[in-house]
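Below is one structure, written out as structure tokens, with a few remarks after it.
The values are calculated or read from the model by the stated rules, or taken from the named source; none is laboratory data. Bear in mind that the values here come from a model prediction, so they are computed numbers and not experimental data. Cβ placement follows ideal geometry from the backbone for every residue including glycine, while neighbour counts extend to all protein chains displayed.
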Amino acid sequence: MKLKKFIALLLALVLALSVAACNPGSTTTSNEPSGTASTEPGGNEERTSISKIENFEPGTHGLDWRDYTLADEQVLDILLTFPSTTNLDPNDSTASNQWELFQMVGEGLFRVYGNPDGTQTMEPAGCESYEVSDDNLTYTFHLRDNKWSDGKDVTSADYAYSIRRLLDPEEAFGYAEYFWVLKNADAYYHGEGGFTVDDLGIETPDDKTLVLTLEQPTPYFIEEMGMVPIYPIRQDVLEAAPDEETWQTDYTYHVFNGPFVITDRVMDNSITLNPNPYYWDAENVKLTQVNLLTVSEQATQALMFENGELDVLDGSAEFVDRWQDAANNGDFIMAVFGRPQTGMIYFNEYDHEPGVPGEENIPADRPRGGASGLMLSEKCRLAISLSIDRQAFLDTVYNRYTVAGGFIPKGMECNGINFRETYPDDYITKLQAQYDTPEKLRALFEEGMAEAGVSGTVSDVTLILMNTSSSSLAASQVEFVQQNIQDVLGVTVQLKNVDSSVGRTESQKGAWDMMMYSWIGDYNDPGTFTFLYTSNSGYYTTFGGFNDEEYDHWHEVAMNSTDPQERADAFHKAEEILVTKAGVAPIYYGDQIVFTQTNVRNVNWPQVNPVEISRAFIVADDAQ
């Protein structure tokens, strides 16, 4: 794919509360699917471990603030990972921290809410209602009356402008592929058929009506309609900024159509939000201020939460057990939900051809096959993947989550078919049974070396594991992987730690072999995972550049079919190719273990999107 933009690689997704994405995001969206709670951290089978206070279950969002005595101070303090990397462009949002912020200051056609049982619902937000034509090709959305934060009406033109901009091939936004389902969008994006932006299946009969026409029936289309990358954008506001880059990064050049507006931002430290007085449901937005804080050290996060300086915190590592006891004692509220999240190691497989138009930002001297020259070798990648002791990794780093034997996580449904229950994720287990000793794995790696034309043995090889996060959790992850691969394969693994601010540049240079990432689904369908590794995906270079025609074929079959069983079978075939050819090394499936202070209500955790606080409120101490 010819890209002008190379999307930032943010290990921070694994630390975010949700998407993007990510959600979005994402890493994190997102960007993020039919979740369940469990009796053990990381499990995904039973729905337990939800603390209750006066019949209140965490994860709800429909509690009426009028039924409570509200605290005098309606201020919520919550973490946001790396605000310095938060792009304020909805179309370009790829990480869950971005989706988290956009859900607070923006709003699309729908708002996604999680339910206490781990399922989710999509409720009309920017639209009041919609109809679908008998042939399932035309969707007509009727917008509600809402205004931007400068008092101007939100119109169908704002939605249309955003979608058209998302699909602009010159912009090369990562989420454009999701909306190639619109009529003529795929051909327009790829410069085929002579289509122009006016030929896209987007119409605005009037200011309150948005009509979207699809290329063919798409079973998951409404699932996509709550995604951040198609949030409306005011064309006049963007064009009034000095340039697009300034608009993307400086909040003072923005207007907002969501529950809150950004009123202050301290880079690398905090973002302050206050209510949007023009929001259509301002009466039910009770928080007077939201403080999004950046705290990289987990120990500091835990101390702040225990001291009441944070109101919401993702449970991790050693704090889970400690806080579970505190929740049982009524000191905190704890909720455990499933999350469609896969943590992975991906490889530098991007085989760059110098001089390709649209890839000017990728250096011509980018190493072929990564820093080692071996990452185009399926055998070398597979040896690395099979060398990882996934359970030990989880026990050491997280004390939660479950081992991933496949790429598509638990909870994903394919038009009613529970994917993971239908297709066991035993790919890794079967391969590890075949290569069940370090000697066999080393021999496999050396076979890959020979095929790649690299002489020597494993002891002559140095692999570069790059890390773009300064957090203690990220350090624990890469240090475990480094030692594990060295011990099993006998290669040398060097850590390359770079600041997140230069992560994009360093990634483009290609002087690395492996990175770690976590992806959280954007909607409840396996396609939100498999699309990442298609050769025409907006994430093609971001996730290493795996390129396999058979994989592309089965993904395309799944995305174009309307038959649930055919779709599920095709996703299964694509996943098997990706994992057994080590296009990626899946490590774990995620979950959500979230703690809140006992006076916080209506903080919500959707399956696929980050934490939702639009209708949250704080109750008085004597009203809990």
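Observations, loosely collected:
- For region 482-500, the criterion of being closer than 30 Å to Thr119 by Cβ and crowded, with 16+ Cβ neighbours inside 10 Å is satisfied by no residue at all.
- Count of residues meeting criterion [outside any strand (DSSP E or B), in contact with a Gly (Cβ under 9 Å, 6 or more places away or on another chain) and of a type in the set (S, T, N, Q)] in region 589-605: 2
- Test: residue in region 47-62 that is acidic (Asp, Glu) and at pLDDT 95 or above: no
- Of the candidates Glu131, Glu107, the single residue that is assigned to a strand (DSSP E or B), of a type in the set (Asp, Glu) and farther than 23 Å from Tyr517 by Cα is Glu131.
- His555 meets all of the listed conditions (1) surrounded by fewer than 24 Cβ atoms within 10 Å (Cβ to Cβ); (2) of a type outside the set (Val, Ile, Thr); (3) in a helix (DSSP H, G or I); (4) in contact with a helix residue (DSSP H, G or I) (Cβ under 6 Å, 6 or more places away or on another chain) but one, namely (1).
- Filter pass, Asp525 being crowded, with 24+ Cβ neighbours inside 10 Å and within 22 Å of the chain's Cα centre (by Cα): yes
- For region 110-128, the set of residues classified as small (Gly, Ala, Ser) and either assigned to a strand (DSSP E or B) or farther than 22 Å from Ile333 by Cβ (or both) consists of Gly114, Ala125, Gly126, listed by residue number.
- One residue alone among Val255, Val290 is at pLDDT 90 or above, in contact with a helix residue (DSSP H, G or I) (Cβ under 6 Å, 6 or more places away or on another chain) and either surrounded by fewer than 22 Cβ atoms within 10 Å (Cβ to Cβ) or under 27 Å from Asn146 (Cα atoms) (or both), and that residue is Val255.
- Long-range neighbours under 7 Å by Cβ, at least six apart or interchain, first residue over 19 Å from Gly126 (Cβ atoms) within region 195-224, second among the β-branched types (Val, Ile, Thr) and in a loop (DSSP other than H, G, I, E, B): Leu214/Val181; Glu215/Val181; Pro217/Thr562; Thr218/Val181; Pro219/Thr562
- From the list Ile417, Ile428, Ile408, Ile464, the lone residue that is among the β-branched types (Val, Ile, Thr) and at pLDDT below 95 is Ile417.
- Residue match in region 138-150 (condition: at pLDDT 95 or above, of a type in the set (Lys, Arg), more than 30 Å from Asn560 (Cα to Cα) and not in a loop (DSSP other than H, G, I, E, B)): yes
- In region 129-157, the residues that are closer than 16 Å to Phe256 by Cα form no Cβ pair under 6 Å with any partner that is at pLDDT below 95 and surrounded by fewer than 14 Cβ atoms within 10 Å (Cβ to Cβ), whether six or more places apart or across chains.
- The one condition from (1) at pLDDT 95 or above; (2) closer than 30 Å to Pro124 by Cβ; (3) surrounded by 24 or more Cβ atoms within 10 Å (Cβ to Cβ) that Val619 does not meet is (3).
- Matching residues, region 165-196, being surrounded by fewer than 14 Cβ atoms within 10 Å (Cβ to Cβ) and either among the polar types (S, T, N, Q) or in a helix (DSSP H, G or I) (or both): Thr196
- Any hit, region 491-502, residues being over 21 Å from Leu376 (Cβ atoms) and more than 22 Å from the chain's Cα centre (by Cα): yes
- Counting the residues of region 293-338 that are in contact with a helix residue (DSSP H, G or I) (Cβ under 7 Å, 6 or more places away or on another chain) and over 18 Å from Ile78 (Cβ atoms) gives 1.
- Test set (1) assigned to a helix (DSSP H, G or I); (2) buried (at least 18 other Cβ atoms within 10 Å of the Cβ) - Pro409 fails condition number: (1)
- Tallying residues that are under 22 Å from Asp331 (Cα atoms) and either of a type in the set (S, T, N, Q) or out of contact with any strand residue (DSSP E or B) (no Cβ under 6 Å at 6 or more places or on another chain) (or both) within region 575-599 yields 5.
- Pairs where the first residue, in region 516-528, is part of a strand (DSSP E or B) and the second is of a type in the set (Asp, Glu), C-beta under 7 Å, 6+ apart: Ile520/Glu32
- Of residues in region 488-514 being under 18 Å from Ala475 (Cβ atoms) and assigned to a loop (DSSP other than H, G, I, E, B), the one modelled with the highest pLDDT: Trp512
- Total residues in region 98-137, condition aliphatic (A, V, I, L, M) and at pLDDT below 95: 3
- Taking each residue of region 368-397 that is under 23 Å from Ala511 (Cβ atoms) and looking for partners that are among the basic types (Lys, Arg) and surrounded by fewer than 24 Cβ atoms within 10 Å (Cβ to Cβ) with beta-carbon atoms closer than 6 Å, six or more apart or interchain, yields Glu378/Lys581.
- Members of region 442-479 that are more than 34 Å from the chain's Cα centre (by Cα), farther than 20 Å from Ile388 by Cβ and buried (at least 16 other Cβ atoms within 10 Å of the Cβ): Val454
- Any hit, region 214-228, residues being modelled with pLDDT of 95 or more and in a strand (DSSP E or B): yes
- Of the residues making up region 414-435, just one is in a strand (DSSP E or B) and either in contact with a His (Cβ under 6 Å, 6 or more places away or on another chain) or surrounded by 19 or more Cβ atoms within 10 Å (Cβ to Cβ) (or both), namely Cys414.
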